[in-house]
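Peer 1: Pasting a structure here, questions to come.
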Amino acid sequence: LCSLCESNIIMSPFQIDTSRKKILTLLEKIGIKEIEGNTSISLVNRFLLQNLANEIASSNLKGFTTFSNIKSPYGNLSPEYKIYILDRLPAIEFEAVLAHEYLHVWLYQNNIELPLSQIEGFCNLASAYIYERNGSKFSQIHLDSMDADSDPNYGDGYRKMKLDLEKYGWKVLLQTLQQ
């Protein structure tokens with residue numbers, strides 16, 4: 001990492017929690033509400049991230065989310081969400097990845113099933129939202145990269161969802177997804 005990025009990497013539980021609160025507040029402003037509180041966030045190195053991600057592992061992977069149901073002492077099942085994010089990311093990149101992963105949680109909580117390109121495209125809207133709000137040169141580089149991404153899910157899916165967002169806005173887009 002360059003010295004500029006090195007100075008604001010997310011490393012501590014306090015930094016993670018501060019970013020978590022910030023991202024959940026920003027997501028609420030666009031209508032993404034009541035994201036499950038039982039979500040752990042873990043920083044992992046690239047090797048562990050690749051191993052945990054298994055079939056979705058790629059050299060570009062910066063985060064992913066797992067979902068499971070855990071049995072309470074009373075026999076009830078409750079959802080458990082685990083977000084894994086690559087360690088040593090600068091704060092803005094960490095927050096963009098976290099926003100993306102929280103949309104996976106939201107989709108799962110709301111039982112929304114979509115083709116993979118729409119899922120990843122929708123989740124990338126959250127990353128773009130964080131980068132756009134930041135407005136830095138670093139963020140613009142990431143936005144340009146997202147716009148040029150040739151991946152059918154993360155690139156094409158994102159650009160299609162971005163067009164829908166520009167056409168309908170967050171409120172209608174979210175309502176449409178929930179129907």
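Peer 1: Within a Cβ distance under 11 Å of ASP151, other residues only, what is the Lys/Arg minus Asp/Glu net charge?
Peer 2: With Lys, Arg at +1 and Asp, Glu at -1, the net is -2.
Peer 1: Moving to a separate point now. When only Cα pairs under 8 Å and 6 or more residues apart are kept, what is the percent relative contact order across the stretch 83-179?
Peer 2: It rounds to 29 percent for the stretch 83-179.
Peer 1: Check each of the GluC sites (Glu not before Pro) in the stretch 110-148 and keep only those in coil by DSSP with at most 15 other C-beta atoms within 10 angstrom; list them in order. Walk me through the numbers on the way to the answer.
Peer 2: Values: sites: GLU113, GLU120, GLU132; in loops: GLU113.
The qualifying sites are GLU113.
Peer 1: Taking the full set of protein chains and a 1.4 angstrom probe, give the accessible area of SER59 in square angstrom, rounded to the nearest 10.
Peer 2: So the heavy atoms of SER59 present about 100 Å² to solvent.
Peer 1: Taking the chain, how many lysine pairs are there with alpha carbons less than 15 Å apart, if each pair must be eight or more places apart or span two chains?
Peer 2: Lysine pair count for the chain: 7.
Peer 1: Could I ask something else about it? Restricting attention to the alpha-carbon atoms of the stretch 41-179, what are Rg (one decimal) and Dmax (integer), both in Å?
Peer 2: According to the Cα coordinates of the stretch 41-179, Rg and Dmax are 15.7, 51 Å.
Peer 1: Something else: As a test question: what accessible area, to the nearest 10 Å², does ASP87 have when a 1.4 Å probe is rolled over all protein chains in place?
Peer 2: Spelled out: ASP87, probe radius 1.4 Å, area about 50 Å².
Peer 1: Also, quick follow-up: I'd like the accessible area for GLU166, computed on protein heavy atoms only with a 1.4 Å probe and all protein chains in place. Round to 10 Å², please.
Peer 2: My reading of the accessible area for GLU166 is about 130 Å².
Peer 1: From the protein chains alone at 1.4 Å, what is the descending order of accessible area for ARG20, ARG133, ARG88, largest first?
Peer 2: So the residues, ranked largest to smallest area, are ARG133, ARG88, ARG20.
Peer 1: Would you rank SER40, SER19 by solvent-accessible area, highest first, keeping every protein chain in place and using a 1.4 Å probe?
Peer 2: Greatest to least solvent exposure: SER40, SER19.
Peer 1: Can you pull out the chymotrypsin sites (Phe, Trp or Tyr not before Pro) in the stretch 46-143 that DSSP calls coil and that have at most 16 other Cβ atoms within 10 Å? Present the calculation step by step, with values, prior to reporting the outcome.
Peer 2: Values: sites: PHE47, PHE64, PHE67, TYR74, TYR81, TYR84, PHE94, TYR102, TRP106, TYR108, PHE122, TYR129, TYR131, PHE138; in loops: TYR74.
Counting only loop positions with at most 16 other Cβ atoms within 10 Å, the chymotrypsin sites (Phe, Trp or Tyr not before Pro) in the stretch 46-143 are TYR74.
Peer 1: Expressed in nm to one decimal, what extension gain is obtained for the pair ILE70 and ASN38 from 0.36 nm per residue of sequence separation less their Cα-Cα distance?
Peer 2: Values: separation 32, 0.36 × 32 = 11.52 nm, distance 1.09 nm.
Contour length minus the Cα-Cα distance gives 10.4 nm.
Peer 1: Moving on to the next point. Can you tell me the FRET efficiency between GLU55 and TYR168 if r is taken as the Cβ-Cβ distance and R0 is 30 Å, rounded to the nearest 0.05?
Peer 2: The computed FRET efficiency comes out at 0.35.
The values are calculated or read from the model by the stated rules, or taken from the named source; none is laboratory data. Here the structure is a predicted model, which means the values were calculated and not measured. Backbone-built Cβ (ideal geometry, glycine too); neighbour counts: all protein chains shown. For the accessible areas, the whole protein counts, side chains as well, though only heavy atoms, and no ligand, DNA or RNA atoms are used. Shrake-Rupley method; radii C 1.70, N 1.55, O 1.52, S 1.80 Å.
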